[in-house]
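Reading through the structure tokens given below for one structure.
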Amino acid sequence: MRFIFEQIRTGGDRNFAYLVGDRDAAEGVLIDPSYDPDAVVERSRAQGLATTHVINTHGHPDHVNGNERALELTGARLAAYRDAESRPEVALDDGDELKVGSITMRFLHTPGH
């Protein structure tokens with residue numbers, strides 16, 4: 001497994017999206033596509049990754065407003081906390097895991113931001 005982790009500046013008030021992936025499996029996820037989902041998707045494609053999920057860390061507009069476009073461009077599934085207003089296709093609870101190639105992501109519900 002060759003791990004990919006990129007922080008991508010997406011504009012707004014110091015907003016960042018993240019790309020996490022497994023280069024050997026050619027799979028990745030986009031986290032909080034924010035104000036510039038096209039740029040985030042382009043980075044994933046440039047790394048040779050198929051985007052399996054768009055993940056939201058929380059529901060503030062400056063994190064989720066790129067969801068629709070990122071999903072449209074990738075055909076990925078939206079993953080977020082089960083009670084998120086975005087109505088995620090993959091509803092996550094505290095301690096749930098998601099596989100990205102050989103990477104296992106574990107989610108911790110930490111309300112309070």
- Query: What number comes out for the charge environment of Gly66, summing +1 per Lys or Arg and -1 per Asp or Glu over other residues with Cβ under 10 Å away?
  - Reply: -4
- May I ask for the net charge around Val40, where only other residues with Cβ less than 15 Å from the Cβ of Val40 are counted and Lys, Arg are +1 while Asp, Glu are -1? -4
- Message: Under 10 Å, Cα contacts only: if you run a Gaussian network model on the chain, which one of Pro37, Pro61, Pro88 comes out with the highest mean-square fluctuation?
- Response: Pro61
- Note on the structure: The relative contact order of the chain, taking Cα pairs under 8 Å that sit 6 or more residues apart, comes to a percentage of 20 percent
- Note on the structure: Rounded to one decimal in Å, the inverse mean reciprocal Cα-Cα distance for the chain, i.e. its Kirkwood radius, is 13.8 Å
- Query: Top mean-square fluctuation among Gly101, Gly12, Gly48, Gaussian network model of the chain, C-alpha springs under 10 Å?
  - Reply: Gly12
- GluC sites (Glu not before Pro) within the range 27-113: which are DSSP loop residues with at most 12 other Cβ atoms inside 10 Å? Glu85
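Read-outs throughout are calculated quantities, based only on the coordinates presented, and are distinct from any laboratory measurement. Small disclaimer: the values here were computed from a predicted structure and weren't measured. In this analysis, Cβ positions are derived from the backbone assuming ideal geometry, glycine residues included, and neighbour counts consider all displayed protein chains.
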